[in-house]
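The block underneath contains the structure these notes are about, expressed in structure tokens.
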Amino acid sequence: MRSANLPNESESILTSGAARPRLTFIGVGPLGGTYAACYAELGYEVLGYDVDAGRIEKFAAGEMPFYERGLDTLVRKNVDNGRLRFTADPAEVAAFGDVHFLCVGTPSRPNSDSADLSYMESAVTTLAPLLKRRCIVVGKSTVPVGTAAWVQQLIDKLSDTDVQVEVAWSPEFLQEANAVDDVLRPNRVVLAAQSDWASELLQAAHKGVFELAAMEDREVPLVITDFATAELVKVASNAFLSTKISFINAMADLCDVAGGDVTDLARAMGYDARIGHRFLRAGIGFGGGCLPKDLRALAARGRELGVGESLRFLSEIEDINLSRRTKVVRLAAELTGRENGPNGPELSGVNITVLGATFKPDTDDIRDSPALDIARRMRSEGATVTIYDPMGLDNARARYPELRYAHNLSEAVEGAELLCLLTEWEEFRHLDPAALGELVAQPRILDGRNALDPQLWKNAGWTYRGMGR
Ligand code: UGA
């Protein structure tokens, strides 16, 4: 993350002093919380709101209810200088804001692929009747196409007829662990509004991002479009990223049988600027709170709108992704000399250490973590699985108390017959195979993220297995 030009004193990152709209962020989870702090840093007066009183209390005290790199400093600084405040009172939100950003979660509905819009609905139905002056309500959450129009209908029904409240849309593209930089320095801004007045206000609410870019001699592309496109940009982008990952994972399977190396393949492919290197890392597949559920929700929305056939490939993308997890369990059986019979792999009594619990490094987020799913699958095949992660242990323990967790790396690996590196934390990339060889029962490693140097491990006497190399 770049931290250039972030002043330490109470000053904003920008000094223009021009009049700015007052912003509220409704839902201060990883999305809204990061936006609120970053926009305060950009000089806006910001009010964060959440139905979760614990979250509000923590933020208001300058503490973090979740981990995001670099966010704590921004929260503390802007709470101290008074530009960033938090409240659990929706009436205060309504009275304060010129621009209200909807940042609530849109998880999958229980037993369904579709997005659950109940948090969105409850945020809008709470806010709308309280709005007493002209303002805009801007969607930032990831939603099915058609949601913005539905939010406008809800607001029209619930707000005072003499108060003009317009809906606008501006999707976010932040990546956990890089979220602060992604908000302050986005690679594009997408805006959709229905009137010139709303469009101007929406642009004023994002002006700080463009001013910062100008100050740093960068350009931020601006796309002004309609509601449907603005909603689709986000889900289409996430589906495309998922497709890249599943594509290279399918190639990894091909490399396995043909004797190729998928890391070299991806490197060589990526030099074609039309393809690019990013999101071509083969391994155990994608997880997290976004890509998997957005992929399913897009396919579901496509079916609802009658274009399910055109989007059928999305289910293949998901199938490839999930098959990575079963593949790792099969490989674990193969590496430990166990059966991979017709009833699946058999791992009873095998001591396996899983390195990594979070869905990716530098976060404590374990939502839809491939690492934990694989750990659970190996356990259900009879293995004794011990998990270690630098940051995700508390969340993992709370979610899956039935799994075994180690306090530190050496405790985790002691007596292991197989190590599975499933989240590529920096700490794991630099493991010393010779020192580790002294602690394990058998020097075997399954590198689920292709994060290690195979030769180094083999030279130290280890049986090394990567994914497609
Ligand atoms: C993702 C998108 O990258 C963001 O642009 C988007 O804004 C966000 O979802 C969202 O919808 O809010 P995030 O969930 O933070 O961001 O995680 P990513 O960095 O995209 O990683 C997702 C998963 O893909 C991880 O499990 C990661 O290990 C895996 N991955 C990523 C691979 O397996 N291979 C790769 O080459 C890249």
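Computed values, structure above
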read-out: The chain: angle of helix 71-80 to the longest principal axis, Cα-based, in degrees nearest 10; value: 30 degrees
read-out: Kirkwood-Stokes translational diffusion coefficient of the chain, alpha-carbon pairs, 4 °C, 1.567 mPa s, µm²/s; value: 54 µm²/s
read-out: Chymotrypsin sites (Phe, Trp or Tyr not before Pro) restricted to region 330-429 and DSSP loop, no more than 15 other C-beta within 10 Å; value: none
read-out: Filter on K157/K207; K293/K327; K77/K293 - keep pairs with C-alpha separation over 29 Å; value: K157/K207; K77/K293
read-out: Loop sites in region 257-341: trypsin sites (Lys or Arg not before Pro), DSSP, at most 11 other Cβ within 10 Å; value: R274, R278
read-out: Estimated dipole of region 300-457 in Debye, rounded to 20 [Cβ of Lys and Arg +1, of Asp and Glu -1, Cα centre]; value: 500 debye
read-out: Charge dipole magnitude, Cβ of K and R +1, D and E -1 - region 19-225, Cα centre, debye nearest 20; value: 160 debye
read-out: GluC sites (Glu not before Pro) within region 154-215: DSSP coil, no more than 10 neighbouring Cβ in 10 Å; value: none
read-out: Neighbourhood net charge (10 Å Cβ-Cβ; Lys/Arg +1, Asp/Glu -1) for L42; value: +1
read-out: Within region 86-124: backbone nitrogen closer than 20 Å to the R303 label point (7 Å, Cα to C-beta); value: 106-118
read-out: Expected 222 nm ellipticity per residue - DSSP helices of 4 or more, -39500 (n - 2.57), all of the chain, to 500; value: -13000 deg cm²/dmol
read-out: Qualifying aspartates and glutamates (Cα of each under 17 Å from Cα of K58; at least 8 residues distant if same chain); value: D50, E68, D72, D80, D89
read-out: Average Cα contact separation per residue, the chain, under 8 Å, 6 or more apart, as relative contact order %; value: 11 percent
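The numbers here are math on the coordinates, done by the rules we state, and not lab data. Values in this document were obtained by computation on a predicted structure and should not be read as measured data. Methodologically, a virtual Cβ is constructed for each residue, glycine included, from the backbone with ideal geometry; neighbour enumeration extends over all protein chains shown.
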